[in-house]
Structures are given as structure tokens and as C-alpha cells.
Amino acid sequence: MDEVHFQQHGSRCRMWVPPETKDPVLLHHPTRKSVGYFGAVRVRDGKFFFRRETGKFNGVTCWQFLKALHAVSTRAARRVVVIADNAKYHHARLHWDWRQERAEHFALDFLPPYSPELNPSERVWKLTRRLCLHNRYFPQLDDVTAAVETEFANWTKPNNTLRRLCAIT
């Protein structure tokens, strides 16, 4: 489980520049608008679950995501362990009692501090940026949302792309 912001201005990874241009300048859209998402990947089969967040990431919004994730992931008889980073709102007192009541079937396991490389969701965000946002201009924030959610929709069914990307081997 993790959260991310995708900004309206794009990023670049590669570009062709004529040899006579020594220092290319790429202008970005002058905005700081972004759209946020909570997301989780089922490592076993690569199925992706996400929720767009219109407000801030905090204890309330994290709890809402956890409840939604709990509802879709505990249908099977398996125990679910959600790997999360150490954001304060993942540990919030607001949902501590709720997590303790469900700990036998739905538990959070926290990564060590400052270790994003261990979180499989970070790889999903990087792939999403590369596939949907790199080298593209988005005049409206809704265009960013459409591009990202189109890719997310492809991943809501079990798939090998995310399974291999997030595999722990």
C-alpha cells in the first residue's frame, strides 16, 4: 500500500536534440496542480486496487482506503498482510482499534524508515509515470487523471506485468 501524487506538468526521460543545441530548454506547464491516489498490489497475481484522493492524505483518508481494501481483499479465506511505509497516518490512532479488531485476517506490516525501495507500490508509480506521463503535455488536470486511470483500469484484473514488477525474489 502506498500513495502518490501525479502532477499536471509532465516529465521527460529521453528526447532528441539537434547537435547544434548545447543546452535544450523544455518548458513545463506553470502549475502545481496534482491528483493523488492510494494504491495496493496483490503480489501473488498482480491485481491492482486504487482509490483517487481529492483531499489531503491523512488518517481519515487512509482509513477510508483501508476499509475499501479490506472489503475487496478479504473475500477469500486467506490472511491479508498489507505492507505500508511509515507515514504518520498509516499509524493513526483514529483507525488503530479498527486495525486491531481485524488483525487476525487483515494486518498492516510496516517497512523500516526511509526504505522506499522495499515498497512494491513505488515501482508501480514509476511504471505509471513512464507509461502515461513521460514526454506528454496535459493542458488540464482531468487529462492526467484520464491517462492514469486508463492504465490503472488495465491492472485491476490479475496481470503478469505487476506480478513480475512487484515480485519479491
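Inspection of the range 52-75 identifies at least one residue that is on the phi < 0 side of the Ramachandran plot and in a strand (DSSP E or B).
When the residues of the range 76-98 are filtered to those that are assigned to a helix (DSSP H, G or I) and out of contact with any Phe, Trp or Tyr (no Cβ under 9 Å at 6 or more places or on another chain), the one that is farthest from SER121 (Cα to Cα) is ASP97.
Residues that are closer than 23 Å to ALA146 by Cβ and basic (Lys, Arg) were ranked within the range 51-68; the one that is modelled with the lowest pLDDT is LYS56. From the list ARG32, ARG78, ARG14, ARG42, the one residue that fits, being at pLDDT below 75 and under 30 Å from HIS91 (Cα atoms), is ARG32. Among residues of the range 36-51 being among the small types (Gly, Ala, Ser) and in a strand (DSSP E or B), the one that is farthest from ASN160 (Cα to Cα) is GLY36.
I'd like the residue in the range 52-67 that is closer than 17 Å to ALA92 by Cβ and of a type in the set (Lys, Arg) and, out of all such residues, is nearest to the chain's Cα centre (by Cα). Here the residue is LYS56.
Of all the criteria given as (1) at pLDDT 90 or above; (2) within 19 Å of MET1 (Cα to Cα), the one not satisfied by CYS166 is (1).
Looking only at the range 43-62, how many residues end up being surrounded by 18 or more Cβ atoms within 10 Å (Cβ to Cβ) and under 16 Å from ALA107 (Cα atoms)?
Residues in the range 43-62 being surrounded by 18 or more Cβ atoms within 10 Å (Cβ to Cβ) and under 16 Å from ALA107 (Cα atoms): 1 in total.
The values are calculated or read from the model by the stated rules, or taken from the named source; none is laboratory data. All figures in this text were calculated on a predicted structure; none of them were measured in a lab. Neighbour counts run over all protein chains shown; Cβ positions are idealised from the backbone, glycine included.
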